[in-house]
Amino acid sequence: MSISEALFERAKEVMPGGVNSPVRAFRSVGGTPRFIASAKGSRMKDVDGNEYIDYIGSWGPMILGHCKDEVETAVINAVKNGLSFGASTQMEVEVAELICKNIKHVEMIRMVSSGTEAVMSALRLARGYTNRDKIIKFEGCYHGHCDSMLVKAGSGALTFGAPDSSGVTKGAASDTLLASYNDLDSVASLFEKNRDEIACVIVEPVAANMGVIPPKDGFLQGLRELCDQNGSLLIFDEVITGFRLCFGGASEFYSVTPDLVTYGKIIGGGMPVGAYGGRREIMEKVSPVGSVYQAGTLSGNPIAMAAGFATLTYLLDNPSVYDKIKAMGQYMADEIRKITTYTVNQVGSLLCLYFTKEPVYDYASAIRSDTAKYAAYFNHMLKNHIYMAPAQFEAVFIGNEHSKEDIDDTVEVMQKILKDG
């Protein structure tokens, strides 16, 4: 029995499914989860000493690669001063200033501890600001595990075939209206049927929890117009796309300005973090200035802020990172397309291989992918020391430490299982 197998047996006795997040359990792909001991650059090592080229990157935060020297040094120096104070620090001010200075539509920002918390808070703020109750989300888009968002959710919920979670009350879900991603008519119809009742539309501008699905031309612009026409707020969930497609995220990438935006992942440089921000007049509705209450003991944690500041500063000072990872993403997608007729979607440094030969542009087309074939593919890649997401409906994350050789080696391994695709 390997060390990972032994640890998993122990973990199942004390943690539900042996994990602290469902996708890690490998339920949709089979086999035993690997327990990771260390990581550096584009590689990870498990407790049994196996090394992998890593395409998860902690589900997105490791845009600079694992243990980037500048980030590691910032964390070590911050730890020496204390782990948590439950009080304000200079670093949280500097991170907020850096974001607000460089992201035009973020005039004020509030730090939290996770993407889920950021979304939950942004939705409450939208309702408080508009004095309306209903929200529109899209089938297959995942916005964390807050109750009102676990309706036709993506990511792990979609993978396990149970996008509606037990424990979510009818009341919590009753004000969540479902539209089809990339279908403006479905959104317009909901506005028409719920006049003056919709507080906001929340969307992943690139649907990165159904794999990777880019917005069709005019889709995001159309959402902006519909929200303006109906007095509703537009929320971009940029937990994945924020600071990844470019420093200004999907809103800059597609030239569409949301009213509120949620962040996570990259702004913590690998530490637990989230944030929500937007126009000053909206953000000033948040307590203690306004009546929308939200609080958090570890919000603005000094270690997370130090890691985030180091990561964001590096990205600002080295804009060529974005050129490189976009080129690497395009190169990988092109190389995969040479060896298979299965669908590959790619936006910048995000891509996804779907086991279907039909175009994938929304929830209905995404779930046509053959998840059994994905499971076989995943295990083949893992056996050959390539660490992909243990679920079909997740993205491949390219980071600054991935090399052309990494991608060439990966595609060579892929070719052995995709040759009949």
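If I filter the stretch 79-94 for residues that are open to solvent by less than 20 Å² (accessible area, probe 1.4 Å) and among the aliphatic types (A, V, I, L, M), do I get at least one hit? The answer is no, given that none of the residues of the stretch 79-94 is open to solvent by less than 20 Å² (accessible area, probe 1.4 Å) and among the aliphatic types (A, V, I, L, M). Contact map, the stretch 198-219: first residue in contact (Cβ under 8 Å) with a residue 24 or more places away in the chain and within 20 Å of residue 264 (Cβ to Cβ), second residue open to solvent by 10 Å² or more (accessible area, probe 1.4 Å) and of a type in the set (S, T, N, Q), Cβ cut-off under 6 Å, separation 6 or more or different chains; pairs are 209/155; 212/345. Close contacts from the stretch 246-260, counting a first residue that is buried (at least 19 other Cβ atoms within 10 Å of the Cβ) and among the acidic types (Asp, Glu) and a second that is part of a helix (DSSP H, G or I) and modelled with pLDDT of 95 or more, with Cβ to Cβ under 9 Å and a gap of 6+ residues or different chains, come to 259/126; 259/129; 259/227; 259/282. In the stretch 321-335, is there at least one residue being open to solvent by 30 Å² or more (accessible area, probe 1.4 Å) and among the small types (Gly, Ala, Ser)? Yes, the stretch 321-335 has at least one match.
Selection of the stretch 1-13 for residues being within 28 Å of the chain's Cα centre (by Cα) and loosely packed, with under 14 Cβ neighbours inside 10 Å yields only 12.
The single residue among 356, 341, 297, 311 that is part of a loop (DSSP other than H, G, I, E, B) and open to solvent by less than 20 Å² (accessible area, probe 1.4 Å) turns out to be 356. Tell me, which residue of the stretch 73-99 that is free of Cβ contacts under 8 Å to residues at least 24 places away in the same chain and in a helix (DSSP H, G or I) is farthest from residue 275 (Cα to Cα)? Applying the filter and picking the extreme gives 76.
Only one of the numbered conditions (1) open to solvent by less than 80 Å² (accessible area, probe 1.4 Å); (2) farther than 23 Å from residue 62 by Cβ; (3) hydrophobic (A, V, I, L, M, F, W, C) is violated by residue 19, and that is (2).
Are any residues in the stretch 246-263 closer than 19 Å to residue 326 by Cβ and touching a Cys at 6+ places or on another chain (Cβ under 8 Å), and if so, which ones? Passing the criteria: 252, 253.
Candidates in the stretch 358-370 are the residues that are touching a residue at least 40 places away in the same chain (Cβ under 8 Å) and of a type outside the set (A, V, I, L, M, F, W, C); of these, the one that is farthest from residue 178 (Cα to Cα) is 369.
Within the stretch 359-390, the residues that satisfy the criterion of being crowded, with 21+ Cβ neighbours inside 10 Å and under 20 Å from residue 51 (Cα atoms) are 377, 378, 387, 388, 389, 390. Find the residue count for the stretch 221-245, including only residues that are over 15 Å from the mean Cα position of the chain (by Cα), buried (at least 21 other Cβ atoms within 10 Å of the Cβ) and hydrophobic (A, V, I, L, M, F, W, C). Qualifying residue count, the stretch 221-245: 4. For the stretch 30-37, state whether one or more residues are closer than 20 Å to residue 62 by Cβ and touching a residue at least 40 places away in the same chain (Cβ under 8 Å). Checked the stretch 30-37: at least one residue is closer than 20 Å to residue 62 by Cβ and touching a residue at least 40 places away in the same chain (Cβ under 8 Å). Residues that are open to solvent by 10 Å² or more (accessible area, probe 1.4 Å) and in contact (Cβ under 8 Å) with a residue 60 or more places away in the chain within the stretch 412-421 comprise 415, 419, 421, listed in sequence order.
So that you can scan it fast, the table gives a plain yes or no per residue for (1) touching a residue at least 40 places away in the same chain (Cβ under 8 Å); (2) within 22 Å of the chain's Cα centre (by Cα); (3) part of a helix (DSSP H, G or I):
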residue	(1), (2), (3)
323	no, yes, yes
329	yes, yes, yes
345	yes, yes, no
379	yes, no, yes
382	yes, no, yes
400	yes, yes, no
405	no, no, yes
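The values are calculated or read from the model by the stated rules, or taken from the named source; none is laboratory data. Note that the structure is predicted; figures quoted are calculated from it, not measured. Note that each Cβ is placed from the backbone with ideal geometry, even for glycine, and that neighbours are counted across all protein chains shown. Note: areas computed on protein heavy atoms with side chains; ligands, DNA, RNA excluded. Shrake-Rupley method; radii C 1.70, N 1.55, O 1.52, S 1.80 Å.
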